[in-house]
Amino acid sequence: MELAAVWTLVQLLGWPPRRLARPIGAWIGAIAFRVLGRLRSVGRQNLRIAFPAMTGQQQDEVLQRLYRNLGWLLAEFCQMPHYTRRNTGNFIRYEGLENYLAALEAGKGVLVLTGHLGAWELSSFYHSLMGHPMSMVIRRLDNTGVDRLVNRIRCLHGNHVLHKDDFARGLLAAMRRGETVGILMDTNMTPPQGVFVDFFDRAACTASGMARVALKTGAAVLPGFLMWEEAEQKYVLHFEKKLELLTTGDDEADIIAHTALFARVTEEYIRRYPDQWLWVHRRWKTRPVGEPPIYTS
């Protein structure tokens, strides 16, 4: 994000245009793939867990495309201050917007299940640009100046930020007001905030907050991912129908079952778009008691 901040300041001066920014972003991604050996090693290990039949060459091909997409995302973020409804129309579109609108109309709030998949930073920005501002649960950046700059861009069209270190009260309040909050559900957690559920057939400690809030408030939970569709040469913001959350009366069991469902939906999207997920994150770092660590560094 420090790099994004520098480039964004350049962008505010009007250079480079988007047609050049994306190739520059891809070039930065290609360099990052080559020089960030530790992250590349984590990515290969994660791909071995998720796709055990994948060869080493196939792993590197997936990671190279991932870094290209991350470079593109950097380029998009730096262009976002210049985006309008009109100039985004030729490279972004909705699919399933009616699912989101129906969930919002119910009035109990909407929890958007999303992750570090596709163009996640552009996703909430575009949604707000199109007249649907929302809140986002995010982690504070270490550099406070960069944090302010990044959040100013995220919130240019009415979005709000809920920081992970103090989001529970704001999240519940947003649901009571019938608003929308997006939550990235694909990062490693630790108990008690996280519970262990299957993710690519391996126990992964996963945030249970979305399940707890949905159970408490009756808010709708629906998947929302902005993916690069190669065939169209466009980003498509997919909103699925709201998830059916069955309850048994045992709150803790329901929370685990619902969290497992959220992980399963996220996994299904990653399997469809394997080169657009953040494989370089140590997703399986937290292990159940008695299990050895997966990552050695």
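Name the residue that is surrounded by the most Cβ atoms within 10 Å (Cβ to Cβ), counting only residues in the stretch 163-197 that are assigned to a helix (DSSP H, G or I), out of contact with any strand residue (DSSP E or B) (no Cβ under 6 Å at 6 or more places or on another chain) and in contact (Cβ under 8 Å) with a residue 60 or more places away in the chain.
Met175
Quick check: anything in the stretch 238-254 small (Gly, Ala, Ser) and crowded, with 16+ Cβ neighbours inside 10 Å?
For the stretch 238-254, residues small (Gly, Ala, Ser) and crowded, with 16+ Cβ neighbours inside 10 Å: absent.
Can you report the number of residues in the stretch 151-162 which are without any contact (Cβ under 8 Å) to a residue 40 or more places away in the chain and over 17 Å from the mean Cα position of the chain (by Cα)?
Total meeting the criteria: 3.
Go through Arg38, Arg48 for me and flag whichever is more than 21 Å from the chain's Cα centre (by Cα) and either of a type in the set (A, V, I, L, M, F, W, C) or at pLDDT 95 or above (or both).
Arg48 is the lone residue from the list that is more than 21 Å from the chain's Cα centre (by Cα) and either of a type in the set (A, V, I, L, M, F, W, C) or at pLDDT 95 or above (or both).
To keep it simple, each residue is scored yes or no on (1) among the hydrophobic types (A, V, I, L, M, F, W, C); (2) in contact with a Lys or Arg (Cβ under 9 Å, 6 or more places away or on another chain); (3) closer than 30 Å to Met210 by Cα.
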{"position": "Leu63", "(1), (2), (3)": "yes, yes, yes"}
{"position": "Gly71", "(1), (2), (3)": "no, yes, yes"}
{"position": "Arg85", "(1), (2), (3)": "no, no, no"}
{"position": "Phe91", "(1), (2), (3)": "yes, yes, no"}
{"position": "Glu95", "(1), (2), (3)": "no, no, yes"}
{"position": "Asn99", "(1), (2), (3)": "no, yes, yes"}
{"position": "Ala106", "(1), (2), (3)": "yes, yes, yes"}
{"position": "Leu117", "(1), (2), (3)": "yes, no, yes"}
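Taking Ile138 and the conditions (1) modelled with pLDDT of 95 or more; (2) within 25 Å of Trp279 (Cβ to Cβ); (3) surrounded by 16 or more Cβ atoms within 10 Å (Cβ to Cβ), which numbered condition does it fall short on, given that it satisfies the others?
All conditions are met except number (1).
Name every residue in the stretch 242-297 that is in a helix (DSSP H, G or I), charged (D, E, K, R) and over 17 Å from Ala50 (Cβ atoms), in order of residue number.
If the condition is that a residue be in a helix (DSSP H, G or I), charged (D, E, K, R) and over 17 Å from Ala50 (Cβ atoms), then Asp251, Glu252, Asp254 are the ones that fit.
Can you give me the number of residues within the stretch 205-237 that are part of a strand (DSSP E or B), surrounded by 20 or more Cβ atoms within 10 Å (Cβ to Cβ) and touching a residue at least 60 places away in the same chain (Cβ under 8 Å)?
Total meeting the criteria: 12.
Does the stretch 22-80 hold any residues that are farther than 17 Å from Ile270 by Cα and among the charged types (D, E, K, R), and which are they?
Arg22, Arg34, Arg38, Arg40, Glu76
Being free of Cβ contacts under 8 Å to residues at least 60 places away in the same chain and more than 30 Å from Arg22 (Cβ to Cβ) is the requirement here; does Gly249 meet it?
Yes.
Restricting to the stretch 154-192, name every residue that is of a type in the set (S, T, N, Q) and out of contact with any helix residue (DSSP H, G or I) (no Cβ under 7 Å at 6 or more places or on another chain).
Answer for the stretch 154-192, where residues must be of a type in the set (S, T, N, Q) and out of contact with any helix residue (DSSP H, G or I) (no Cβ under 7 Å at 6 or more places or on another chain): Thr187, Asn188, Thr190.
Would you check which residues across the stretch 106-132 are in contact (Cβ under 8 Å) with a residue 12 or more places away in the chain and among the small types (Gly, Ala, Ser) and list them?
Answer for the stretch 106-132, where residues must be in contact (Cβ under 8 Å) with a residue 12 or more places away in the chain and among the small types (Gly, Ala, Ser): Ala106, Gly107, Gly109, Gly115, Gly118, Ala119, Ser123, Ser124, Ser128.
State whether the residues of the stretch 141-150 include one that is touching a strand residue (DSSP E or B) at 6+ places or on another chain (Cβ under 6 Å) and either buried (at least 22 other Cβ atoms within 10 Å of the Cβ) or in contact (Cβ under 8 Å) with a residue 12 or more places away in the chain (or both).
There is no residue in the stretch 141-150 that is touching a strand residue (DSSP E or B) at 6+ places or on another chain (Cβ under 6 Å) and either buried (at least 22 other Cβ atoms within 10 Å of the Cβ) or in contact (Cβ under 8 Å) with a residue 12 or more places away in the chain (or both).
The values are calculated or read from the model by the stated rules, or taken from the named source; none is laboratory data. Since the structure is predicted, the reported quantities are computational estimates derived from the model, not experimental observations. Here the Cβ is made from the backbone with ideal geometry for all residues, glycine too, and neighbour counts use every protein chain on show.
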